[in-house]
Amino acid sequence: GENVEQHPSTLSVQEGDSAVIKCTYSDSASNYFPWYKQELGKRPQLIIDIRSNVGEKKDQRIAVTLNKTAKHFSLHITETQPEDSAVYFCAASRYNNNDMRFGAGTRLTVKP
Amino acid sequence: KAGVTQTPRYLIKTRGQQVTLSCSPISGHRSVSWYQQTPGQGLQFLFEYFSETQRNKGNFPGRFSGRQFSNSRSEMNVSTLELGDSALYLCASNKQGTDTQYFGPGTRLTVL
């Protein structure tokens, strides 16, 4: 089955700096890659997603890149703010298959 | 549109008991997936229901079961509770034909 690895497990940056979180997946049939943000005591919230027919997607300060050949995808957050502090999860699944496999999560801390 | 709702939000049980958790998906969403979240194992897929049928199943013992009703509401049941079942149980719903899953707030289960 699918195995998703996520690095780093913790990341601390200064406000205004960029943050990058990387994930690798094992199932070459996976073609949907969402990123979720989970604040303490709250539900995971989708922040951006990408499908395998696209190499990059951007939404304001957040971008995701996908390298299908290498089977890895990354989350990029620019101009970080203290409210970006949370745990971020990457995930992978096949189209129309809701068996989503998650990475272990990255705890991002943005220091003011 | 109202989001995914879960009841109860918190539950305390003792070993050997059983528990039933409920999830109401976003209106119009017919697929409901369940996940277990623990600090040690992260987010793990339990199972998915669509049109009252279990469509996918993760690697959990038979003590974990679920069902879905004709109005798409779903329940999951855990029998013969063990200490290790203490976790946040999240459900997520999505529209047929789309990959994006929206999470509920979760039910925090504590087994004593």
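Here, each number is a calculation from the coordinates, and none is a lab measurement. What you are looking at is a predicted structure, and each value in this text was computed from that prediction instead of being measured. For neighbour counting, all protein chains shown are included, and Cβ atoms are generated from backbone atoms with ideal geometry for every residue, glycine included.
Any idea what the dipole of the range B:44-95 comes to, in debye rounded to 20, about its Cα centre with Lys/Arg Cβ at +1 and Asp/Glu Cβ at -1?
On the way: 6 positive and 5 negative charges, 40 e Å.
Computed charge dipole of the range B:44-95: roughly 200 debye.
Just to confirm my numbers, what's the Cα centroid distance between the range A:1-38 and the range A:48-112 in Å?
Comparing the Cα centres of the range A:1-38 and the range A:48-112, I get a distance of 5 Å.
Beyond 29 Å between alpha-carbons counts as too far, so tell me which of B:Lys13/B:Lys95; A:Lys22/B:Lys57; A:Lys71/B:Lys1; A:Lys42/A:Lys111; A:Lys37/B:Lys95; A:Lys42/B:Lys57 fall in that bin.
Check vs 29 Å cut-off fails for B:Lys13/B:Lys95; A:Lys71/B:Lys1.
Give me a comma-separated list of calculated 3J(HN,Hα) values for the range B:80-94, in order, Karplus coefficients 6.51, -1.76, 1.60 applied at θ = phi - 60°, integers in Hz, x for any Gly or Pro.
6, 4, 10, 4, x, 7, 4, 5, 9, 9, 10, 10, 9, 10, 8
State the three equivalent ellipsoid semi-axes of chain B, derived from the C-alpha gyration tensor as the square roots of 5 times its eigenvalues, in descending order and whole Å.
Numbers: eigenvalues 103, 37, 33 Å².
Three semi-axes, in Å: 23, 14, 13.
Could you give the semi-axes, largest first, of the ellipsoid that matches the protein assembly as shown, computed as the square roots of 5 times the alpha carbon gyration tensor eigenvalues and rounded to whole Å?
Output for the protein assembly as shown: semi-axes of 29, 20, 16 Å.
How well do other chains shield peptide B:96-104, expressed as the mean number of their Cβ atoms within 10 Å of each residue Cβ? Please report the intermediate quantities before stating the final value.
On the way: counts 1, 2, 3, 13, 4, 10, 4, 7, 2.
The per-residue average across the peptide is 5.
Which is the longest stretch in chain A that no exposed loop site breaks, taking sites as GluC sites (Glu not before Pro) with a DSSP loop state and at most 16 other Cβ atoms within 10 Å?
Working: sites that count: A:Glu15, A:Glu39, A:Glu79.
Maximal segment without exposed cleavage sites: A:40-78.
For the range B:1-15 and the range B:35-90, what is the centre-to-centre distance using only Cα atoms, to the nearest Å?
13 Å
Run through the DSSP bridge list for chain A and note the antiparallel percent, rounded to the nearest 5.
90 percent
Need one number: % antiparallel among DSSP beta bridges in the protein assembly as shown, to the nearest 5. All intermediate terms of the calculation are to be shown ahead of the outcome.
Working: 73 of 82 bridges.
Looking only at bridges with both residues in the protein assembly as shown, the antiparallel portion is about 90 percent.
Given Cβ point charges of +1 (Lys, Arg) and -1 (Asp, Glu) and nothing else, what value in debye, to the nearest 20, does the dipole of chain B about its Cα centre take?
Value, rounded to 20: 160 debye.
Just to confirm the filter: which GluC sites (Glu not before Pro) across the range B:39-103 are DSSP coil and have at most 14 other Cβ within 10 angstrom of their Cβ?
The qualifying sites are B:Glu52, B:Glu82.
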